[in-house]
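The values are calculated or read from the model by the stated rules, or taken from the named source; none is laboratory data. Just so you know, these numbers come straight off a predicted model, no measurement behind them. So basically every Cβ, Gly included, is an ideal-geometry build from the backbone, and we count neighbours across all protein chains shown.
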């Protein structure tokens, strides 16, 4: 009756371990935090399992999956929680087929009810929420922010060697994404740009506003994916980052459902748009109907 | 070479409305090809433009799923296949099983799908198909280099890029930044109606290893966002001043 928790992202690994402990106590079993790399920096109050290998696993999606599923198949857990990162979704899906188990996706507020794992997720680009269930044993991916981490010192560390692993894809290299690193998920203020900006250089004033307020810069999908004005790490929305800052300022963003899905848990949403009918105003606490090229300088003036 | 593209006939989430009880009105709801799947179709067509290739589009659903397949055919795919079933009865594990069996029946060098669907966005079906078929999976590709017997891809993860290679047959999921999907002309749409679409009842693909649906949706409710919608119109300077005042009162910016 064990519950395994895994994420290659250490913060998320610590968060989902809280969920693993809750479910384990409901099932009457133990929770294990599984890692494939350095465990020195993991601060969880519970049992750690370290999978070691004669091969370099870090950065190799296929080997990560192979090592984790090999361990999970041997341990036969009741529930496997996996951080809902891109790699995490991949692992959860491939594991599900290997152990013929259901895979809940992006679920929060997990509970065990009548032998089923039940959770809540958003669907239809965040417009609706769904209650979903799968019989145990099963797998679930957990988004960031679903659980609060309870940090502590590991009570035990079990090391298991995973040698002679083979993979179907050949990992060539890991490359850094961009030189700048924006931790948008941790920012308490985010100033975000959308299609309302006419050219890349104009983002300078948005950056200045972010700097003045001590915030990070975000954007909607067209700016990072289509125009490439900002790196993908700035992209907020369904296919980008989910954020929950105290203040989110959407500048020149029309407010497509996919974008709004990423900002739902924000405390205060501000929208600046010249189109009075832009859907972003429907989900904003405060809105300014006006030309961003006039409004941003005005904001900077009053903040100076 | 032969390329399969898996496309989802999805609920158009932007048109989806709720009834008085906050439940989605799914009957007669607008449907469309899942937005990100257009990038997978586009990538297949671009491969066909540089190499000799035939493209088969596979979808799953009732009669109306044909609409999505036709859209892909208009974009440039050669042939369509609809696995006939009630998709609401299948979870990702079962959906991927039938797509995988259809894929095996077809046989292909390359199978493309998107990173996730625009309506439910689980991101599970692609990697699951690869696993059912026992073939390599390369996820979140933003660049695909097709070689003689293998592919080389650049994959986008949250904080890094990974470069991987795999031999045919391989399943690749693409991210939307990989390309800009083409629009179809009326002529292409008319020509597409002459392209063959085959229907297969899902039972015909069912083997002894077919999984039962595990994940069930118990309840769906409208998510409400209670925002105050306080608007400042008029002079930008005055609006900016009022906004800053309000944000200070909210204690979300420093005074």
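For the reader, a short list of remarks on this structure follows.
- Taken over segment A:187-215, the residue count meeting the criterion of being within 14 Å of another protein chain (Cβ to nearest Cβ), under 25 Å from the mean Cα position of the chain (by Cα) and surrounded by 18 or more Cβ atoms within 10 Å (Cβ to Cβ) is 7.
- Any hit, segment A:126-134, residues being more than 16 Å from the chain's Cα centre (by Cα) and within 30 Å of residue A:227 (Cβ to Cβ): yes
- Restricted to segment A:73-91, and to residues there that are more than 7 Å from chain B (Cβ to nearest Cβ) and assigned to a helix (DSSP H, G or I), the residue that is nearest to the chain's Cα centre (by Cα) is A:88.
- Test: residue in segment A:223-242 that is out of contact with any helix residue (DSSP H, G or I) (no Cβ under 6 Å at 6 or more places or on another chain), facing chain B (nearest Cβ under 10 Å), free of Cβ contacts under 8 Å to residues at least 40 places away in the same chain and not in a loop (DSSP other than H, G, I, E, B): yes
- Boolean, residue A:47 is surrounded by fewer than 21 Cβ atoms within 10 Å (Cβ to Cβ), facing chain B (nearest Cβ under 7 Å) and out of contact with any helix residue (DSSP H, G or I) (no Cβ under 8 Å at 6 or more places or on another chain): no
- Of all residues making up segment A:123-149, the number that are part of a loop (DSSP other than H, G, I, E, B) and at the interface with chain B (Cβ under 8 Å from one of its Cβ atoms): 4
- Residue ID - farthest from the other protein chains (Cβ to nearest Cβ), chosen from residues in segment A:92-101 that are touching a residue at least 12 places away in the same chain (Cβ under 8 Å) and in a helix (DSSP H, G or I): A:99
- Considering residues of segment B:239-255 that are surrounded by 15 or more Cβ atoms within 10 Å (Cβ to Cβ) and assigned to a helix (DSSP H, G or I) only, the residue farthest from the other protein chains (Cβ to nearest Cβ): B:242
- Against the list (1) more than 7 Å from chain A (Cβ to nearest Cβ); (2) buried (at least 24 other Cβ atoms within 10 Å of the Cβ); (3) assigned to a loop (DSSP other than H, G, I, E, B), the condition residue B:121 fails is (1).
- Here residue A:152 qualifies as more than 9 Å from chain B (Cβ to nearest Cβ), part of a loop (DSSP other than H, G, I, E, B) and surrounded by fewer than 19 Cβ atoms within 10 Å (Cβ to Cβ).
- Just one of the listed residues (A:63, A:32) is part of a strand (DSSP E or B) and assigned by TED's automatic domain parsing to the domain that holds residue A:111, and it is A:32.
- Any hit, segment B:213-220, residues being touching a helix residue (DSSP H, G or I) at 6+ places or on another chain (Cβ under 9 Å), more than 7 Å from every other protein chain (Cβ to nearest Cβ) and at pLDDT 95 or above: yes
- Within segment B:131-223, strands (runs of 3 or more DSSP E) holding 2 or more residues that are surrounded by fewer than 20 Cβ atoms within 10 Å (Cβ to Cβ) and without any contact (Cβ under 8 Å) to a residue 12 or more places away in the chain: B:160-167, B:216-222
- Residues of segment B:1-53 satisfying the condition of being touching a helix residue (DSSP H, G or I) at 6+ places or on another chain (Cβ under 9 Å) and part of a strand (DSSP E or B): B:2, B:3, B:4, B:5, B:6, B:9, B:10, B:31, B:32, B:33
- Lone qualifier among B:100, B:74 - being assigned to a helix (DSSP H, G or I), farther than 29 Å from residue A:134 by Cα and at pLDDT 95 or above: B:74
- Every residue from segment B:224-238 that is facing another protein chain (nearest Cβ under 7 Å) and either in contact (Cβ under 8 Å) with a residue 60 or more places away in the chain or over 21 Å from residue A:264 (Cβ atoms) (or both): B:232, B:233, B:236, B:237
- Put simply, of A:176, A:137 the only residue that is in the same structural domain as residue A:16 (by TED's automatic domain parsing), in contact with a strand residue (DSSP E or B) (Cβ under 8 Å, 6 or more places away or on another chain) and either free of Cβ contacts under 8 Å to residues at least 24 places away in the same chain or on the phi < 0 side of the Ramachandran plot (or both) is A:137.
- Complete set of residues in segment A:244-253 that are touching a helix residue (DSSP H, G or I) at 6+ places or on another chain (Cβ under 9 Å) and either surrounded by 24 or more Cβ atoms within 10 Å (Cβ to Cβ) or at pLDDT 95 or above (or both): A:245, A:247, A:249, A:250, A:251, A:252, A:253
- Check on residue B:144, away from every other protein chain (no Cβ under 11 Å) and within 20 Å of residue A:59 (Cβ to Cβ): yes
- Filtering segment A:102-122 to residues that are surrounded by 24 or more Cβ atoms within 10 Å (Cβ to Cβ) and either facing chain B (nearest Cβ under 7 Å) or assigned to a helix (DSSP H, G or I) (or both) leaves A:102, A:103, A:104, A:105.
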